[in-house]
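Q: Pasting in a structure now, in structure tokens, and then I'll have a few things to ask.
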Amino acid sequence: MTERARVSVVMLTHNRVDQTLRSLAELGSLPERPPLVVVDNASSDGTAAAVGREYPDVRVIELTENIGAAGRNHGVEAVDTEYVAFSDDDSWWAPGALARAVEAFDRHPRLGAVHGRILVGEEEREDPICAELRDSPLPGDPSLPGTPLLGFLACAVVFRRAAFEAVDGFESDVMIGGEEEWLACDLAGAGWEIRYMPEIVAHHHPPRRPGAAADARRRIGLRNTLWFSWLRRPVTSALRRTAHLVRTTPRDSVTLLGFWDALRALWSREAPSRRVVPPHVERMLRLLDDPQMESNVRRHVS
């Protein structure tokens, strides 16, 4: 297998045909020439047809319903490269970024995922989350490159495909909004390392969301945060994070609905099953609790 065929890109999209086509143009011009897979989460705006027409070499997987983040699992199933990078329909990788990720994976067999530095918009300002990733308080093996993480943004992460598949990918039913934390903890629980490497660069051009869309995203994100707290963490940690959310989230209908969604699903057992993380992962989560709760980047506002 040649160097150029060792990493694929899986893009997840839903009803954003223009952004999808622009991002594919950027990805198609990369010197690494990665195979591209688009997972269309049941779009109604003709995304799949447009991609097929404009980019016939791109594989398109059309889903019959919007299953959120779990759609990426279908994309990974469709690739046969050792490594797989994710892009959203509003993001792409910088030239050379994927080659640097491949080099890091080849040198370090325990490396399960690498997270890139994110540059936002035409002005290419650094995403504020990068400062938090760079200053991560987590301990780690000094022989590995970068900064140890227990989380990531899906638009800027490259996986060792074997690691992704070993933990069954993204959790179903979580949709979009904080879904990465679940997978990151599964990886750490299985012994894989996640590292922030700023020399690996991703571009993100998020469109401005109207109020209703931002509110819907906040509602799901709040529900997912509560789910993760109560389904993956010990009760004492779950109580602490829940109390923090009660104190800090806006006192409005979106917050109320987010709490209600979480409570109703937990009560009716419609949420994912409870599976508490291993003790060493919980210790890592506790190291992150205070920085995350004090972070302005992670606030549930819209």
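Q: Considering only segment 260-297, state which residues are outside any helix (DSSP H, G or I) and without any contact (Cβ under 8 Å) to a residue 40 or more places away in the chain. Give the steps one after another, and end with the answer.
A: In the first step, residues of segment 260-297 are kept if they are outside any helix (DSSP H, G or I); the result is 269-278, 295-297.
Result: R269, single match.
Q: Something else now. Report yes if L231 is touching a Pro at 6+ places or on another chain (Cβ under 9 Å) and more than 30 Å from R16 (Cα to Cα), otherwise no.
A: Spelling it out, L231 is indeed touching a Pro at 6+ places or on another chain (Cβ under 9 Å) and more than 30 Å from R16 (Cα to Cα).
Q: For segment 64-90, how many residues meet the condition of being closer than 19 Å to A162 by Cα and of a type in the set (D, E)?
A: 3
Q: Step by step: first the residues of segment 42-72, then only those that are more than 24 Å from H203 (Cβ to Cβ) and polar (S, T, N, Q), then the one that is farthest from the chain's Cα centre (by Cα). Which residue is that?
A: If we take residues in segment 42-72 being more than 24 Å from H203 (Cβ to Cβ) and polar (S, T, N, Q), then S44 is farthest from the chain's Cα centre (by Cα).
Q: Kindly state which strands (runs of 3 or more DSSP E) lie completely within segment 19-91 and contain at least 1 residues that are free of Cβ contacts under 8 Å to residues at least 40 places away in the same chain and surrounded by fewer than 17 Cβ atoms within 10 Å (Cβ to Cβ).
A: Answer list for segment 19-91: 59-62.
The rows are residues; the columns are (1) within 17 Å of D186 (Cα to Cα); (2) surrounded by 12 or more Cβ atoms within 10 Å (Cβ to Cβ).
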site	(1), (2)
T236	no, no
T242	no, yes
V246	no, no
F259	no, yes
A265	no, yes
V276	yes, yes
S295	no, yes
H300	no, yes
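Q: While we're here: Looking at P137, P148, which one is farther than 17 Å from D90 by Cβ, touching a Gly at 6+ places or on another chain (Cβ under 8 Å) and at pLDDT 95 or above?
A: Step by step, each of P137, P148 is checked, and only P148 is farther than 17 Å from D90 by Cβ, touching a Gly at 6+ places or on another chain (Cβ under 8 Å) and at pLDDT 95 or above.
The values are calculated or read from the model by the stated rules, or taken from the named source; none is laboratory data. All of these numbers come straight from a predicted model, not from anything done at the bench. All Cβ positions, even for glycine, are placed from backbone atoms using ideal geometry, and neighbour counts span all protein chains on display.
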